[in-house]
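One structure below.
The values are calculated or read from the model by the stated rules, or taken from the named source; none is laboratory data. Fair warning: this is a prediction, and the values are worked out from it, not measured in the lab. Counting neighbours? That spans all protein chains shown, and the Cβs are built from the backbone with ideal geometry, glycine included.
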Amino acid sequence: MHKRAVDYASSVAILVVCVISFSGCGGASKSDSRSEPGVTSAALSVPEPQRRLNCMGHWEREDLRETFVREIASDFAFRNPDIDLNLKFCREIMGEKDHCTTARLIAQMIREDRIEWDVIWLDDGIYFHVAKELGDTHWGQKHLVDFEAIPEYVTEHKDFILTDPKFREKTGGVLVSPYLEGYVFALWYNLDIAEMLGLNIKQRDMTMDDLLGYARRLREYNQAHGTQIDAFSVTAGVEETYLASNLVCSLN
């Protein structure tokens with residue numbers, strides 16, 4: 001497998017980097033400055049696509065994240081008219097979105113040296129399953145693009161991504177994708193306690209200041225009423241004496 005299978009961890013927005021990488025190879029053609037008699041406007045000459053980029057999409061049916069993916073794909077196609085971008089989501093390719101199924105597909109492409117998907121969905125869980133399929137924990141070094149070699153990757157990421165070894169260790173010792181988001185947690189709140197405190201918990205666009213403000217209001221209530229209601233709980237208890245509970249580790 002030539003290093004065409006580009007990692008797609010946590011986001012299809014890896015295409016942002018593809019835009020940077022391919023910008024020197026494609027893009028809209030410059031219009032001819034020469035004019036002809038009677039011609040008041042020039043038509044943009046768009047070349048026929050010369051090659052195809054097969055992209056395995058992520059975040060289908062996930063609200064604005066799917067919209068984000070499609071907008072990035074559209075922008076990439078506009079900037080690179082000589083590249084035929086073929087975007088398909090996991091369910092369209094494999095009939096389901098599943099870590100093990102995706103891992104088997106990736107492993108099969110590597111075994112057969114037949115790369116059908118240049119951009120793949122890959123997180124540390126999928127990487128682990130591929131390693132089991134191939135019996136090689138360092139398969140990423142042989143078959144995935146090391147993004148640290150891309151100057152824009154280095155300048156656009158926080159230093160700890162590059163210096164903390166844990167980001168490499170989960171993918172065979174190489175940085176195989178941009179990092180757009182951290183771990184996502186679903187925060188559930190106790191409606192009865194929120195109403196008792198007079199809190200209107202935001203369903204969207206909650207900031208850290210909002211969250212801390214809820215906790216401060218609860219502390220004030222506990223001090224005034226001699227109660228011991230917890231602000232947060234990792235799991236839901238039998239007695240629901242908490243304001244918020246972190247029940248789900250990831251929305252993915």
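Things to note:
- Checking every residue in the stretch 130-137 against the condition of being surrounded by 15 or more Cβ atoms within 10 Å (Cβ to Cβ), charged (D, E, K, R) and either at positive phi or modelled with pLDDT of 90 or more (or both) gives at least one match.
- Residue within the stretch 204-224 that is assigned to a loop (DSSP other than H, G, I, E, B), at pLDDT 90 or above and small (Gly, Ala, Ser) present: no
- Residues being hydroxyl-bearing (Ser, Thr, Tyr) and crowded, with 16+ Cβ neighbours inside 10 Å - total across the stretch 190-231: 2
- Scope the stretch 108-118; condition under 12 Å from HIS143 (Cα atoms) and either buried (at least 19 other Cβ atoms within 10 Å of the Cβ) or in contact (Cβ under 8 Å) with a residue 40 or more places away in the chain (or both); matching residues: MET109, ILE110, ASP113, ILE115, ASP118
- Candidate set: the stretch 70-84, residues that are in contact (Cβ under 8 Å) with a residue 40 or more places away in the chain and not in a helix (DSSP H, G or I); chosen: the one surrounded by the fewest Cβ atoms within 10 Å (Cβ to Cβ): ASP82
- Across the stretch 85-107, the number of residues qualifying as touching an Asp or Glu at 6+ places or on another chain (Cβ under 6 Å) and either in contact (Cβ under 8 Å) with a residue 40 or more places away in the chain or not in a helix (DSSP H, G or I) (or both) comes to 1.
Here is a yes/no grid of residues against (1) in contact with a Gly (Cβ under 8 Å, 6 or more places away or on another chain); (2) among the polar types (S, T, N, Q); (3) in a helix (DSSP H, G or I):
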position	(1), (2), (3)
TYR127	yes, no, yes
ALA131	yes, no, yes
THR137	yes, yes, no
LYS142	no, no, yes
GLU148	no, no, yes
GLU152	no, no, yes
THR155	no, yes, yes
LEU162	no, no, yes
PHE167	no, no, yes
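- Any pair with Cβ under 8 angstrom, 6 or more apart, that starts in the stretch 145-156 at a residue that is within 13 Å of TYR179 (Cβ to Cβ) and ends at one that is among the small types (Gly, Ala, Ser): PHE147/SER177
- Any hit, the stretch 55-69, residues being modelled with pLDDT under 50, part of a helix (DSSP H, G or I), surrounded by 12 or more Cβ atoms within 10 Å (Cβ to Cβ) and aromatic (Phe, Trp, Tyr): no
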